[in-house]
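Written below as structure tokens is the structure these notes are about.
Read-outs throughout are calculated quantities, based only on the coordinates presented, and are distinct from any laboratory measurement. In this text, all values refer to a predicted model and were calculated from it rather than measured experimentally. Reconstructed Cβ throughout: ideal geometry from the backbone, glycine too, with neighbour counts over all protein chains shown.
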Amino acid sequence: MAKVNENYLKLPGSYLFSTIGKKVSAYSAEHPDKKIIRLGIGDVTQPLAPAITEALHNAVDEMGKAESFRGYAPDLGYEFLRSAIAENDYRVRGCDISADEIFVSDGAKCDCSNIQEIFSLDNKIAVCDPVYPVYVDSNVMAGRTGVYDPGAGTWSNVIYMPCTADNSFVPELPRETPDLIYLCFPNNPTGATVTKPQLQQWVDYANKTGAVILYDAAYEAYISEEDVPHSIYECEGAKTCAIEMRSFSKNAGFTGVRLGFTVVPKELKCGGVALHSLWARRHGTKYNGAPYIVQRAGEAVYSEAGRAQLREQVAYYMNNARYIYDGLKEAGFTVSGGVNAPYIWLKTPGKMSSWEFFDYLLEKGNVVGTPGSGFGPSGEGYFRLTAFGSYENTVEAVGRIKTIQV
Ligand code: MLT
């Protein structure tokens, strides 16, 4: 008789953004007259840049002609895209990453959740708290996290690294040594980031302890300050301890197009085994590649026109981030983030819990955000707003938040 993977039964509730989606749909069905402004999930709203749509159109035309039609993509991704990534995301920043260390995929979310498969179930993971829930949930599904404590909102076999106002939302090296360390900078959800010397400490720690860092750099395009690393490979020794995951969703508006990549350096070994060969084996077996037309669109991200257009798009969202940050600060909220990331992290007013503030804001202001506690226990009492809305909606949302009385 077939049996289910019981690890799935341990997962509390549904995926954070599904829960929010359901709550908002229910509210909207009851109040069809209300204009709801969604600053919850970090989903982009600007249309694809002209350089991207042109590349998509051209690739579609190629696929419609016998002489340029393409079937299955190469396992690791097309060479034209991997070379563009290696050159523009890494070599120009002095990182020695080659095209054959890059694995193209249909997005960083899948890579972030799938990467744990190449590691033993005995490995203990360390995560920031609050954290992007995908890292923890994917390890729950695999059976690596132990027992859930509903009161504390924690798993018995996970090392939590609190990121609070006291440490400026930057994790400290854990007391207990982990095997796998998930880091995300610029951070989702807090918008905090680290300097290069701070990240170097993590790389040195991982090399010393034999841990592997799983580094999510999905928001690197939003870095505005000097001395904030865009890639972990800017740190010395990172190629022997770190895997980096990147997305085209936030820098190029591909949330609905789907494209991302993971870098697994050839020198990176675990117990003498090259992780590159394990990830290649997994990719080859379980994945048939991102579509050709999407990979051509990804290539256009690195063209001169693409770069210029996407710089403008990022600046548009960062203008929203500034507007939210300044507006809420002026209104007396305690706010952080928003400088190197499209997320603003605010303290809920009047000692409200994160979900209480979510409900309050939805009802009184018709604005949707994300409750901080959905990202982990240290997120309780916080709330995340995204800068990915339109400017007009952002202005309206901030105006509404300012006028509701708590
Ligand atoms: C978020 O809102 O945290 C992200 O958009 C979710 C994601 O990228 O999967």
**Request:** Highest first, please rank the peptides 275-285, 296-306, 219-229 by the mean number of other Cβ atoms sitting within 10 Å of their residues.
**Result:** 296-306, 219-229, 275-285
**Request:** Pull up the cross-link candidates among the lysines for Lys196, meaning alpha carbon to alpha carbon under 21 Å and not fewer than 8 places away within one chain.
**Result:** Lys208, Lys239
**12 Å cut-off, amide nitrogen to a point 7 angstrom out along Ser390 Cα→Cβ, residues in segment 40-68** = 45-47
**Where the Cα pairs of segment 258-406 fall when distances are cut into 5 Å bins, in %** = 2, 8, 13, 15, 12, 9, 11, 12, 9, 6, 2, 0
**Gap separating the Cα centres of segment 162-178 and segment 213-232, nearest whole Å** = 18 Å
**Prompt:** What size of dipole, in debye to the nearest 20, comes out for segment 248-291 about its Cα centre when the only charges are +1 on Lys and Arg C-beta atoms and -1 on Asp and Glu C-beta atoms?
**Reply:** 100 debye
**Message:** Along the charge dipole of segment 52-303, pointing to its positive end and built from +1/-1 on Cβ of Lys, Arg, Asp and Glu, which listed residue (Tyr90, Gly284, Ile102) has its Cα farthest out?
**Reply:** Gly284
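Could you work out [θ]222 nm for the chain from helices alone, using -39500 (n - 2.57) per DSSP H run of at least four and dividing by all its residues? Round to the nearest 500 deg cm²/dmol.
-11000 deg cm²/dmol
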**Request:** Compute the signed sum of charges (Lys and Arg +1, Asp and Glu -1) over the other residues within less than 13 Å, Cβ to Cβ, of Tyr317.
**Result:** +1
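Please get the size of the charge dipole for segment 52-303, origin at its Cα centre, with Cβ charges of +1 on Lys and Arg and -1 on Asp and Glu, quoted in debye to the nearest 20. Mind showing how you got there, number by number?
Numbers: 21 positive and 33 negative charges, 116 e Å.
I would put it at about 560 debye.
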**Prompt:** Considering only Cα-Cα distances, which of the following residue pairs are longer than 32 Å: Lys10/Lys329; Lys124/Lys351; Lys250/Lys286; Lys250/Lys402; Lys34/Lys250; Lys124/Lys266?
**Reply:** Lys10/Lys329; Lys124/Lys351
**Positive-end residue, segment 52-303 charge dipole about Cα centroid, Cβ charges, pick of Val158, Ala73, Asn251** = Ala73
**Asked** Among Ile223, Asn58, Ser168, whose Cα sits farthest toward the positive end of the charge dipole of segment 52-303 (+1 at Cβ of Lys/Arg, -1 at Cβ of Asp/Glu, about the Cα centre)?
**Response** Asn58
**Message:** Quick check on segment 182-231: what are the equivalent-ellipsoid semi-axes from the Cα gyration tensor, as sqrt(5λ), descending, whole Å?
**Reply:** 20, 12, 8
**Message:** Going by Cα centres, segment 376-403 and segment 17-85 are how many Å apart?
**Reply:** 23 Å
